[in-house]
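Taken together, the values in this text are just the output of simple stated rules run on the coordinates, not laboratory data. As the structure is a prediction and not an experimental result, all values here were calculated from the model. A quick note on method: Cβ atoms are made from the backbone with ideal geometry, for glycine too, and the neighbour counts reach across all protein chains shown.
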């Protein structure tokens, strides 16, 4: 009984000392160089680095400026896909990939070079694949084999592509707050046929008859009459 009381006393003493240490630490918190306003030795010698927020960024280090060039990109979250028979075309980061799903196990067979931006939309019509990547609409040939995916051409757009629909002779691309219409009389060489300013960005577009339906987020569902095109 006396031993139990003695052990209990030790435990209480340890608890009191521990709480006392915590209280002392709270009463006298450690100060960092940033808190006192005096730079640390590492901060005093670190070079000044500035990134320019432009399409072709530059890096400035200690007064010297150099251009930054994208050499490549790998991986990413698939955000868009289109199915064409036994082939599935889908975006992976800044690449277009193609998988063969005709067998028991899907097989990745081809991948494109790095595109100007993340692949957001993919549409297939006939033997052509249309891809919205960053502020460009890229055109690929839908190869039946395992040929590499190389863009045949690309068309600049007024902003990042967020939605795309292809129907017969025309492609409708939402880029920023604009709806851009392309004539696909020559499928490998889309020609801009018109542009319509939108009151708000749209994230999806669907076509039915002479109408286009746009999901405009906070702007709700918008319906456009396309009979004039």
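A few notes on this one:
- A simple packing score, the average count of other Cβ atoms within 10 Å per residue, orders the peptides 192-200, 58-66 as 192-200, 58-66, with the highest score first.
- Anisotropy class assigned to segment 81-225 is prolate, per the alpha carbon gyration tensor with a/c at or over the 1.5 cut-off and a/b larger than b/c.
- Spin-label pair residue 60/residue 204, simplified geometry with 7 Å Cα→Cβ offset, distance in nm: 4.5 nm
- Förster radius 30 Å - calculated FRET efficiency between residue 104 and residue 77 (Cβ-Cβ, nearest 0.05): 0.70
- Tensor-based shape of segment 95-178 (alpha-carbon gyration tensor, a/c under 1.5 rounded, otherwise prolate or oblate): prolate
- Ranked by the mean number of other Cβ atoms within 10 Å of their residues, highest first, the peptides 214-226, 154-166 fall in the order 154-166, 214-226.
- Segment 81-225, relative contact order [Cα under 8 Å, separation at least 6], %: 13 percent
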